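What follows is a short report on a single structure.
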Amino acid sequence: MKLLESLIFVRTMEDIIKLLEGGKLLLSPTDTIWGILCDATNSAAVDKVYQLKRRPDSKAMVCMVSDLKMLKQFITNLPVDIEEHIQSTRPTTVIYSSPVGIAANAIAEENTVAIRIVKHHFCTPLIAAFGKPLISTSANLSGLPHPLKYADISKEIISGVDHIINLDKDKVNAQPSRIIKLERSGEINLIRA
């Protein structure tokens, strides 16, 4: 039975990856709150997220990567001591300067991008299999509170995505990630504790 379950999971994962490759939007639990996910290197997909959330594209969104190796592909100037911050057990998003390979509309005006190494039973293997970062933004319309659980997500968001990941729908997760900013000088500043 376990082999059959494993084969079903792989097939589902392959289907989900095809959706991402096609620029589609997912609604998924993450290591923090429910999020809208898409390919962070696909500007058309990123634009769909801005439109769905009714969010100005001047407000950049968070990207998730599966591990440090993937992070280094998109952020080339990492200080050695950043690892102690990003490898903590608390989900931590870091704002980095001068990203490469990320969709231009996912990058803030000051040429920065927020990235989190995600530790999640679904998102981590998905991102690793996809091989690229995913946008992860809270599953709410801009200006409204983020959902604490699946039942809090608006019908507009639910109907606006292409696929819903059917996991952890009853789990309540109220804590967003900690946010730190890596300044060009190398200094690290806490933005959200």
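Taking the range 108-193 as the region of interest, the strands (runs of 3 or more DSSP E) fully inside it that hold 1 or more residues being touching a residue at least 60 places away in the same chain (Cβ under 8 Å) and touching a Gly at 6+ places or on another chain (Cβ under 9 Å) are 134-138. Checking every residue in the range 132-141 against the condition of being out of contact with any Leu (no Cβ under 6 Å at 6 or more places or on another chain), at pLDDT 95 or above and loosely packed, with under 13 Cβ neighbours inside 10 Å gives zero matches. The set of residues from the range 16-66 being assigned to a helix (DSSP H, G or I), in contact (Cβ under 8 Å) with a residue 12 or more places away in the chain and basic (Lys, Arg) comprises 48, 53. Mind listing just one residue for me: the one in the range 58-74 that is hydrophobic (A, V, I, L, M, F, W, C) and modelled with pLDDT under 90 and, of those, surrounded by the fewest Cβ atoms within 10 Å (Cβ to Cβ)? Of everything passing the filter in the range 58-74, 60 is surrounded by the fewest Cβ atoms within 10 Å (Cβ to Cβ). Within the range 67-77, the set of residues being free of Cβ contacts under 8 Å to residues at least 24 places away in the same chain and more than 16 Å from residue 125 (Cα to Cα) comprises 72, 77. Answer yes if at least one residue in the range 151-167 is in contact with a helix residue (DSSP H, G or I) (Cβ under 9 Å, 6 or more places away or on another chain) and on the phi > 0 side of the Ramachandran plot, and no otherwise. Looking for residues that are in contact with a helix residue (DSSP H, G or I) (Cβ under 9 Å, 6 or more places away or on another chain) and on the phi > 0 side of the Ramachandran plot, one finds none in the range 151-167, hence no.
The values are calculated or read from the model by the stated rules, or taken from the named source; none is laboratory data. Source: prediction; values computed, not measured. Glycine gets a Cβ as well: all are built from the backbone with ideal geometry, and neighbour counts include every protein chain shown.
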